[in-house]
């Protein structure tokens with residue numbers, strides 16, 4: 001598979017793509033967990049619905065939105081396998097036991113609202129499509145997915161954030177997603193939603209600066225509504241340790257065609273907008289903006 005942007009390389013086990021991690025130049029790490037398009041054969045063989053339904057689970061081509069930042073040298077980690085295989089933004093315990101042969105409900109704890117809705121660690125169903133899989137998965141197969149795909153992604157994110165903090169004194173994770181078109185209370189299309197788990201995963205000034213960055217370009221921006229962030233922010237955001245994390249949701253209609261399937265030329269300009277946001281945040285994290293103001 002060809003690398004989509006300069007500086008990007010596959011991890012040794014081809015679990016995810018890594019960029020610009022050898023010599024860190026910036027204190028901002030970009031994570032793209034839901035853009036994977038490499039569907040394992042065993043997943044497709046067990047489908048109970050047309051494969052096209054699985055595209056609804058993708059943050060379709062959201063990896064393209066990280067391309068300009070990666071080309072500028074920002075470190076990044078991008079999932080290669082799809083959300084239909086395993087959702088990296090869910091806790092490993094968020095499993096519907098009815099999907100797994102021989103799994104006792106006591107092994108998963110209380111089912112979360114997302115699991116009950118069919119969108120747990122292993123997505124089970126989609127509205128209008130019904131159950132996605134013909135047969136249940138074996139318990140060992142599910143554990144293998146967790147140990148070989150889910151946990152390595154998070155260990156890599158944690159390791160790189162620790163490296164960044166050691167290098168710069170502070171680290172910031174920008175967790176990049178895309179969303180279907182949604183309207184605000186004034187019936188205006190929301191271009192970007194920034195989530196920081198209501199201040200628990202990131203110091204508020206970084207989110208406020210990022211929101212203002214997108215507003216200055218004429219976009220409607222909301223914070224923590226309708227998306228406040230989930231497991232990735234919960235696991236990796238720790239402001240008390242100077243490790244901050246926020247989620248950036250991008251309206252898919254800003255960069256995909258009317259069918260929401262293929263990127264348009266506008267994807268490049270949105271990617272540049274995100275790159276510029278990363279550059280601004282990097283200056284804030286390192287205090288470079290204050291140094292320049294004092295000169």
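A short reminder: the numbers here are calculations on the coordinates, not readings from a lab. Worth saying up front: this structure is predicted, and the values here are computed from it rather than measured. Cβ sites come from the backbone with ideal geometry, for glycine too, and all protein chains shown count toward neighbours.
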>> Test of understanding: ordering 166, 201, 228, 259 by Cβ neighbours within 10 Å, fewest first, what list do you get?
In response: 259, 166, 228, 201
> Hey, of [x] 31, 21, 19; [y] 48, 24, 15; [z] 37, 22, 20, which did the structure itself give for semi-axes √(5λ) of the Cα gyration tensor in Å when calculated?
Replying inline: [x]
>> Place a point 7 Å from the Cα of residue 259 along the Cα-to-Cβ direction; which residues of segment 45-77 have their backbone N under 17 Å from it?
In response: 50-58, 60-61
>> Please compute the modelled spin-label separation between residue 166 and residue 23, points set 7 Å along Cα→Cβ, answer in nm with one decimal.
In response: 1.9
> Where the centre of each part is set by its Cα atoms, how far does segment 101-162 sit from segment 28-72, in angstrom?
Replying inline: 16
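With runs of 4+ DSSP H residues as the only contributors, calculate the mean residue ellipticity of the chain at 222 nm using -39,500 (n - 2.57) per run, divided by the residue total and rounded to the nearest 500.
Numbers: 9 runs with 85 residues, N = 295.
Theoretical 222 nm ellipticity from helices: -8500 deg cm²/dmol.
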> How far apart, in nm, are the 7 Å Cα→Cβ label points at residue 106 and residue 184?
Replying inline: 5.0
>> Over the chain, with a Gaussian network built from C-alpha contacts below 10 Å, which listed residue (187, 205, 145) shows the highest mean-square fluctuation?
In response: 187
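Give, in nm to one decimal, the length gained when the segment between residue 51 and residue 234 is fully stretched (0.36 nm per residue of separation minus the Cα-Cα distance).
Working: separation 183, 0.36 × 183 = 65.88 nm, distance 3.13 nm.
Additional length available on full extension: 62.8 nm.
Rounded to the nearest 0.05, what FRET efficiency is calculated for residue 148 and residue 272 with R0 set to 35 Å and r the Cβ-Cβ distance?
Working: r = 35 Å, r/R0 = 1.00.
FRET efficiency, residue 148 to residue 272: 0.50.
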> Once the piece of chain linking residue 217 and residue 127 is laid out straight, how much longer is it, given 0.36 nm per residue of separation minus the C-alpha distance between them?
Replying inline: 29.0 nm
>> Between 262, 208, 42, where does the largest GNM mean-square fluctuation fall for the chain, given springs only between Cα atoms within less than 10 Å?
In response: 42
> Relative to the longest principal Cα axis of the chain, at what angle does helix 204-215 sit, 0 to 90 degrees, rounded to 10?
Replying inline: 90
> Gaussian network model of the chain, Cα springs within a sub-10 Å range: biggest mean-square fluctuation belongs to which of 246, 214, 192?
Replying inline: 214
